[in-house]
Amino acid sequence: STENIVSGKSWKAAPSPITFSSAYGGEDYDANREQTGWNKPAFNDASWRQALVVNSSAVLRSQITDPIKIMEKFTPKKTAKVSDSAYVFDLGQNASGIPAITVSGKKGDTIKIITGELLNPNGTVTQRNIGGPFYFQYILRSDISETWQPRFSYGGFRYLQVEGAVPVGEANPHKLPLINAVMGLHTRNSAAGVGEFSCSNNLCNKTNTLIDWAIKSNLQSVLTDCPHREKLGWLEQVHLMGSSIRYTYEVVNLFKKNVNDMMLAQTDDGLIPEIAPEYVKFDFGGNTMFRDSPEWGSNGIILPWYLYLWYGEKNLLSESYPMMVRYINYLQAKAPDHILSQGLGDWYDLGPKPPGVSQLTPMGVTGTVIYYYDLTILHNIAIILGKAKDAARFNNLALQVKDAFNKKFYNDTTKQYSNGSQTANAMAVYMNLVEPANKDAVIQNIIKNLRANNNVLTAGDIGYRYLLRVLEDAGRSDVIFDMNSRSDVPGYGYQLETGATALTESWQALPTVSNNHLMLGHIMEWFYSGLAGIRQNDEDVAFKKIIIRPEPVGDISAAKASYLSPYGTILSSWKKQYNSFILEVTVPTNTTARVFLPATPSSKITEGNTTLQNRIDVKLNGFDKGRAMVEVGSGSYTFTIQN
């Protein structure tokens, strides 16, 4: 049977034990206000008042994303006394969530729980880097053991400072309530996992886990930047971190919601603000740098395109097309000379000053490159949707932007863009702004500059993903490994050395900013697409035509990754063994794969126990740049290469 339960004048209300709740303040609970059995059929509600009926023109939409759930539980690894009435519990992991506490004391006793990522020098919890005051408060109702956890407010924390109570077994001169148990409950969007990665390099594995915790902590009802200070849906991280997230979690519905959020947030003049939903407008006296940055707003064009490529979401292209056109018209109006210079640029790059607005890449570079990228994407979308006139317009405008960009920023003598930053050169290559005759020279300059600076990364939030993409596409994953296999300079290894358990907001793991942040985790994409080698053919969608091209680099002797694609599980697992390279591959039903094996014509290549010469199901398609190209259909294969 079906029944509609509709609120109205017959509904009744009464004060709740939850006396305060805020996403940015915490939650207070007075257990003395509890009404036993209030949610049972036989409850007597005679003292309850009629609920206030409120009229609204808002349109309610059903939630399409996975619900927020408790996904993991953490018990304290360490406990430290900071005063006679306060103890700090170290849960060992910085994560999004809520505390849970079991206490016993007297009716009316009050217990306060302060959460934080970091500690002060005296061992107490600090909220300097996440904003405060943020805490949870519980008032006991009896002298028996009580267990409580907040319902409507969550935060990001590793440490719980419990005040007004003492752990069982500790000295208790003031007869305070006893803490019987403390836990941290990790809450997040319950999207299923679809990918796994591991390799023989411990730093790579730890880096993967570091990034994964930032992803999990910021998978909520929106993709938040951090689980504490802001909890806002900053848009640049969605398209830049999107591939890393899609390799690991089933987020198609969450990403589709993000597209809808952008459509609702778009302004009358076509601007897609930097956060969606636009919970707050960052407009400081007319300075719109935190509201109008093309690298952020362009998620409105880039994300629907990526969802089409990744999942085959063609309907989404049609639904969001009007938003895309309005936004590109907005950008065009902001760029009379075809150069876009507003916004934040390569946010949080590594320069001589504290991180923030782009330091190493001049304004105008990243914004214009993204603008050009938008136009090329819209050209493709318009063709798919049968809008030939629009496609021609976008193509013509893209050519004008490309010409203006190269005239302003390309130095034909040095074969570099702007001042030669990692971001400027890499983004120009990735978005195909570089003329084909100059492409190799620009890539070589990227590598030369990195090698000359001891493989130190400097690209920030906007540029780093494209630096990795360009190096991987150029077959230089060895450079990626060298950049990220160290702990002595700011980067992933450096963050781990400082004790971080989730990806931090800054490369330097600064204690003054967020220590659980979604941006900058772009290397996770390379773990799957480069090191393990799982990619899709650029000319197809939804991983129907698969590329398996592992990159055995550095001291890594084995790597394994799997991804549950729309067609089924793709597996790539390789290891070096004596003078052999062994690669296991699984190709889903109704798909094909092109497998690139590290081999030359003189190598002995077998699949199973047979050579490839007489195989019908495994076709050797020649050799190129030290690799054998093999075409296979669905099934599982084990390739062995002996050199």
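The values are calculated or read from the model by the stated rules, or taken from the named source; none is laboratory data. Computed from a predicted model, the values in this text were never measured in an experiment. Here the Cβ positions follow ideal geometry from the backbone for every residue, glycine too, while neighbour counts run over all protein chains shown. Quick note on the areas: whole protein, heavy atoms, side chains included, nothing else; ligands and nucleic acids left out. Shrake-Rupley method; radii C 1.70, N 1.55, O 1.52, S 1.80 Å.
Filtered by the rule that a residue be more than 23 Å from ILE215 (Cα to Cα), hydrophobic (A, V, I, L, M, F, W, C) and crowded, with 17+ Cβ neighbours inside 10 Å, the range 264-296 gives ALA265, LEU271, ILE272.
A single entry from ALA14, ALA51, ALA46 fulfils the requirement of being more than 25 Å from HIS228 (Cβ to Cβ), touching an Asp or Glu at 6+ places or on another chain (Cβ under 8 Å) and open to solvent by less than 100 Å² (accessible area, probe 1.4 Å): ALA14. Per the listing ALA593, ALA559, ALA628, the residue uniquely out of contact with any Pro (no Cβ under 9 Å at 6 or more places or on another chain), assigned to a strand (DSSP E or B) and among the small types (Gly, Ala, Ser) is ALA593. Inspect the range 549-557 for any residue being under 21 Å from the mean Cα position of the chain (by Cα), closer than 19 Å to LEU468 by Cα and either surrounded by fewer than 24 Cβ atoms within 10 Å (Cβ to Cβ) or at pLDDT below 95 (or both) and give the result as yes or no. Checking the range 549-557: not a single residue is under 21 Å from the mean Cα position of the chain (by Cα), closer than 19 Å to LEU468 by Cα and either surrounded by fewer than 24 Cβ atoms within 10 Å (Cβ to Cβ) or at pLDDT below 95 (or both). State all residues of the range 525-538 that are surrounded by fewer than 24 Cβ atoms within 10 Å (Cβ to Cβ) and out of contact with any strand residue (DSSP E or B) (no Cβ under 7 Å at 6 or more places or on another chain); if no residue qualifies, say none. Result: TRP526, ASP538. Restricting the search to helices (runs of 4 or more DSSP H) fully inside the range 446-516 and requiring at least 3 residues that are open to solvent by less than 20 Å² (accessible area, probe 1.4 Å) and either aliphatic (A, V, I, L, M) or closer than 30 Å to VAL434 by Cα (or both) gives 464-473, 477-483.
Results for (1) touching a strand residue (DSSP E or B) at 6+ places or on another chain (Cβ under 7 Å); (2) assigned to a helix (DSSP H, G or I); (3) farther than 17 Å from GLY343 by Cβ, shown as yes or no for each residue.
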{"site": "VAL369", "(1), (2), (3)": "no, yes, no"}
{"site": "LEU378", "(1), (2), (3)": "no, yes, yes"}
{"site": "GLY386", "(1), (2), (3)": "no, no, yes"}
{"site": "ALA391", "(1), (2), (3)": "no, yes, yes"}
{"site": "PHE394", "(1), (2), (3)": "no, yes, yes"}
{"site": "GLN400", "(1), (2), (3)": "no, yes, yes"}
{"site": "LYS407", "(1), (2), (3)": "no, yes, yes"}
{"site": "THR413", "(1), (2), (3)": "no, no, yes"}
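The single condition among (1) closer than 21 Å to PRO511 by Cβ; (2) touching a residue at least 40 places away in the same chain (Cβ under 8 Å); (3) open to solvent by 40 Å² or more (accessible area, probe 1.4 Å) that LYS77 does not meet is (2). Which residues, taken from the range 29-43, are over 20 Å from LEU140 (Cβ atoms) and either among the aromatic types (Phe, Trp, Tyr) or in contact with a Gly (Cβ under 9 Å, 6 or more places away or on another chain) (or both)? Selection gives PHE43 alone. When PHE543 is tested against the conditions (1) assigned to a loop (DSSP other than H, G, I, E, B); (2) closer than 30 Å to PHE157 by Cβ; (3) open to solvent by less than 10 Å² (accessible area, probe 1.4 Å), the lone failure is (2). All conditions in (1) closer than 21 Å to ILE462 by Cβ; (2) touching a helix residue (DSSP H, G or I) at 6+ places or on another chain (Cβ under 8 Å); (3) of a type in the set (Ser, Thr, Tyr) hold for SER506, with the sole exception of (2). The one condition from (1) touching a Cys at 6+ places or on another chain (Cβ under 9 Å); (2) open to solvent by 10 Å² or more (accessible area, probe 1.4 Å) that HIS228 does not meet is (1). Out of ASP346, ASP403, one residue alone is among the charged types (D, E, K, R) and under 31 Å from the mean Cα position of the chain (by Cα). It is ASP346. Looking at the range 1-55, which of its residues are in a loop (DSSP other than H, G, I, E, B), of a type in the set (Lys, Arg) and within 29 Å of SER145 (Cα to Cα)? Of everything in the range 1-55, just one residue is in a loop (DSSP other than H, G, I, E, B), of a type in the set (Lys, Arg) and within 29 Å of SER145 (Cα to Cα), namely LYS40. In the range 7-25, the residues that are touching a residue at least 12 places away in the same chain (Cβ under 8 Å) and under 23 Å from TYR154 (Cβ atoms) reach residues that are β-branched (Val, Ile, Thr) and open to solvent by less than 70 Å² (accessible area, probe 1.4 Å) with C-beta atoms within less than 9 angstrom, at least six apart or across chains, in these pairs: PRO17/ILE139; THR19/ILE139. Only one entry of SER198, SER190, SER244 meets the criterion of being open to solvent by less than 10 Å² (accessible area, probe 1.4 Å), in contact (Cβ under 8 Å) with a residue 40 or more places away in the chain and either among the polar types (S, T, N, Q) or more than 25 Å from ARG326 (Cβ to Cβ) (or both), and that entry is SER244.
Residues in the range 600-640 that are in contact with a Lys or Arg (Cβ under 8 Å, 6 or more places away or on another chain) and crowded, with 19+ Cβ neighbours inside 10 Å: GLU607, VAL630, VAL632. For the range 415-438, residues that are in a loop (DSSP other than H, G, I, E, B), touching a Leu at 6+ places or on another chain (Cβ under 9 Å) and within 20 Å of GLU472 (Cβ to Cβ) total 1. Across the range 570-599, the number of residues qualifying as open to solvent by less than 60 Å² (accessible area, probe 1.4 Å) and polar (S, T, N, Q) comes to 5.
Tell me whether the range 352-362 contains one or more residues that are at pLDDT 95 or above, surrounded by 24 or more Cβ atoms within 10 Å (Cβ to Cβ), more than 25 Å from ASN453 (Cα to Cα) and hydroxyl-bearing (Ser, Thr, Tyr). Taking every residue of the range 352-362 in turn, none turns out to be at pLDDT 95 or above, surrounded by 24 or more Cβ atoms within 10 Å (Cβ to Cβ), more than 25 Å from ASN453 (Cα to Cα) and hydroxyl-bearing (Ser, Thr, Tyr).
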